[in-house]
Amino acid sequence: MEAAALENAAEKLLAFIRKKPGEYFELARLMSRLSLQRVDLDEAISLLASWDYKLRLRKRKGVCFISAPDSLTDIEIQHHVRTKKIGRIVHAYNSLKSTNDLAAKMAESGSPEGTLVVAETQTRGRGRLGRVWYSPPGTGIYLSIILRPAFSPESAPGLSVMTALALAETINSYCPGETHLKWPNDVLIGRRKTAGILTELSADRGKINHVIVGVGINVNQGVGHFPEEIRAHATSVRRATKRKVRRVELLVAFLKQFEKEYAAYKKERLNKARPRLKKFSSLLGKEVTVRSGRTRTNGLATDIDANGRLILETKTGRVTISAGEVTIVKD
Ligand code: BTN
């Protein structure tokens, strides 16, 4: 059997037997059900095992499904995803330079809204302000979503805040009460960063072509896992929960929350989300400095508006900031 046909057979076999984990399926029955020769069925079983699916094989009883690997493959994501549009089309890779770069290319060649690009590892994961996003294999989630909103480019920065809220809600369900949102788009557990967002906009003459929302989440990294330079400031969901988390479970929970927040954002920006945003926000009520390009603004962070902008009370009056890097001056 050709490689593509064999993969197809393995996927069909998997979809069939995983419906009843722990139950044996006779090989003869599978052969007729999936229209496979015995040799192809054997190869399909071996292929699934090579993808780290745990199966049990008994001469008389047949084959049974035990468990799936925690890999972010299109098979696993599509099996678990429960959204209408976001993440229904999946492009999953073992290794990419950056999921944002590939998603942007795909968007330029017409990929539809909701298309998801995921990688097990990134060789040039990009963070905000030209930083590197540490993207080791097997422990984190690195994803990009293509959006094509009809609103004007001025409303695009709020998408980062909206995404941070969806992420904070998702991560908070793993470690309730410990999750915070550092405006505009960092998600913290305690005081350490566990997820970041890089939103990139393509627009022409006042119209959005597409937005790429890139998300990196530290999920299963252990204490010694982070490079020296970020160790003091980074954490993972696993460190907070003291247990390994299934990445695919966290990913699909995020996609579901993201779809909900995005629908609301398109309708009424952050109007309804504001109370939750404020609940998660680690800056409100604090003296902060915001650096935005070359300008620095000092003031008391008092609010986040419906477009996701931070409101500061400064010595010279109220200032509204749509993007920047915040440092807390006084807690
Ligand atoms: C930040 O906090 O600086 C933003 C980090 C964003 C990282 C993600 S990982 C997936 C996507 N691809 C990238 O190259 N970057 C984003």
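The values are calculated or read from the model by the stated rules, or taken from the named source; none is laboratory data. Since the structure is predicted, the reported quantities are computational estimates derived from the model, not experimental observations. Cβ: placed from backbone, ideal geometry, glycine included. Neighbour counts: every protein chain shown.
Does residue 163 count as within 14 Å of the ligand (Cβ to nearest atom), touching a residue at least 24 places away in the same chain (Cβ under 8 Å), buried (at least 22 other Cβ atoms within 10 Å of the Cβ) and under 17 Å from residue 114 (Cβ atoms)? Break it down stepwise before answering.
Details: within 14 Å of the ligand (Cβ to nearest atom): yes; touching a residue at least 24 places away in the same chain (Cβ under 8 Å): yes; buried (at least 22 other Cβ atoms within 10 Å of the Cβ): yes; under 17 Å from residue 114 (Cβ atoms): yes.
When the stated conditions are applied, residue 163 passes them.
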**Prompt:** Within the stretch 79-97, how many residues are within 16 Å of the ligand (Cβ to nearest atom), part of a loop (DSSP other than H, G, I, E, B) and over 15 Å from residue 256 (Cβ atoms)?
**Reply:** 1
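Which is polar (S, T, N, Q), within 15 Å of the ligand (Cβ to nearest atom) and in contact (Cβ under 8 Å) with a residue 24 or more places away in the chain, of 172, 100? Break it down stepwise before answering.
Working: 172 fails: within 15 Å of the ligand (Cβ to nearest atom).
Residue meeting the stated conditions: 100.
So how many residues does the stretch 113-131 have that are more than 9 Å from the ligand (Cβ to nearest atom), at pLDDT 95 or above and either surrounded by 18 or more Cβ atoms within 10 Å (Cβ to Cβ) or over 19 Å from residue 74 (Cα atoms) (or both)? Lay out the reasoning, then the answer.
Taking the stretch 113-131 first, the residues more than 9 Å from the ligand (Cβ to nearest atom) are 113-116, 120-121, 123, 130.
Within this subset, residues satisfying the condition of being at pLDDT 95 or above are 113-116, 120-121, 123.
If we keep only those that are either surrounded by 18 or more Cβ atoms within 10 Å (Cβ to Cβ) or over 19 Å from residue 74 (Cα atoms) (or both) too, we end up with 114-116, 120, 123.
Qualifying residue count, the stretch 113-131: 5.
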**Request:** Mind telling me which of the residues 43, 76 ends up being in a helix (DSSP H, G or I), in contact with a helix residue (DSSP H, G or I) (Cβ under 9 Å, 6 or more places away or on another chain) and farther than 21 Å from residue 139 by Cα?
**Result:** 43
**Prompt:** Among the listed residues 173, 155, which satisfies the condition of being more than 18 Å from the chain's Cα centre (by Cα) and over 17 Å from residue 282 (Cβ atoms)?
**Reply:** 155
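Picking from 225, 233, which residue would you name as being touching a residue at least 24 places away in the same chain (Cβ under 8 Å), surrounded by fewer than 18 Cβ atoms within 10 Å (Cβ to Cβ), within 23 Å of residue 69 (Cα to Cα) and touching a strand residue (DSSP E or B) at 6+ places or on another chain (Cβ under 9 Å)?
When all the criteria are applied, what remains is 225.
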**Request:** Could you give me the residue pairs with C-beta distances under 7 Å whose first residue belongs to the stretch 303-328 and is at negative phi, whose second residue is part of a loop (DSSP other than H, G, I, E, B) and polar (S, T, N, Q) wherever it lies, and which are 6+ apart or on separate chains?
**Result:** 306/271; 309/322
